[in-house]
Amino acid sequence: MTYTVPDMPPCTIRLPPRPSAEDLAALNKNIVRVENVNGIAAKLSESSSAQGKSSIWVAANGNYPVKVVMTFPGAQPIVMLEVKELRFEKPPPRC
């Protein structure tokens, strides 16, 4: 996944908002188990309501989402987000 598009001017990359501390605390209350998602150790948190079920895998080291699956009543699960590859390296200068 990349956050840039070909016609975006340099130095204007917009990242999605980070989950708040309250959001992460709520996820940690519903941890089902620890699994690997594409080689990343992650805590699986599940919750459900009348609107459906959500399964969210959060990296055990770093607290960032690596996979999100939503299941609505009577429908097949939908993968909303899945990290396939992640590198922690300094990007080349753009400006």
Segment 83-95 - residue that is open to solvent by 50 Å² or more (accessible area, probe 1.4 Å) and either under 11 Å from the mean Cα position of the chain (by Cα) or among the charged types (D, E, K, R) (or both) and, of those, farthest from A42 (Cα to Cα): R94
Positions within segment 60-95 being out of contact with any Lys or Arg (no Cβ under 8 Å at 6 or more places or on another chain) and aliphatic (A, V, I, L, M), in sequence order: V66, V68, V69, A75, I78, M80, L86
Residue among P17, P77, P10, P6 that alone is modelled with pLDDT of 80 or more and of a type outside the set (A, V, I, L, M): P77
Scan of segment 48-82 for residues that are under 16 Å from the mean Cα position of the chain (by Cα), surrounded by 14 or more Cβ atoms within 10 Å (Cβ to Cβ) and small (G, A, S), ordered by number: S54, S55, A59, A60
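Look at I31 and say whether it is closer than 20 Å to L86 by Cα, modelled with pLDDT of 70 or more and open to solvent by less than 80 Å² (accessible area, probe 1.4 Å). Working first, answer last.
Details: closer than 20 Å to L86 by Cα: no; modelled with pLDDT of 70 or more: yes; open to solvent by less than 80 Å² (accessible area, probe 1.4 Å): yes.
When the stated conditions are applied, I31 does not pass them.
The values are calculated or read from the model by the stated rules, or taken from the named source; none is laboratory data. Keep in mind that what you see is a predicted model, and the values were worked out from it rather than measured. Quick reminder, even Gly has a Cβ in these numbers, built from the backbone with ideal geometry, and neighbours come from all protein chains shown. Note: accessible area is taken over every heavy atom of the protein model, side chains too, but ligands, DNA and RNA are not part of it. Shrake-Rupley method; radii C 1.70, N 1.55, O 1.52, S 1.80 Å.
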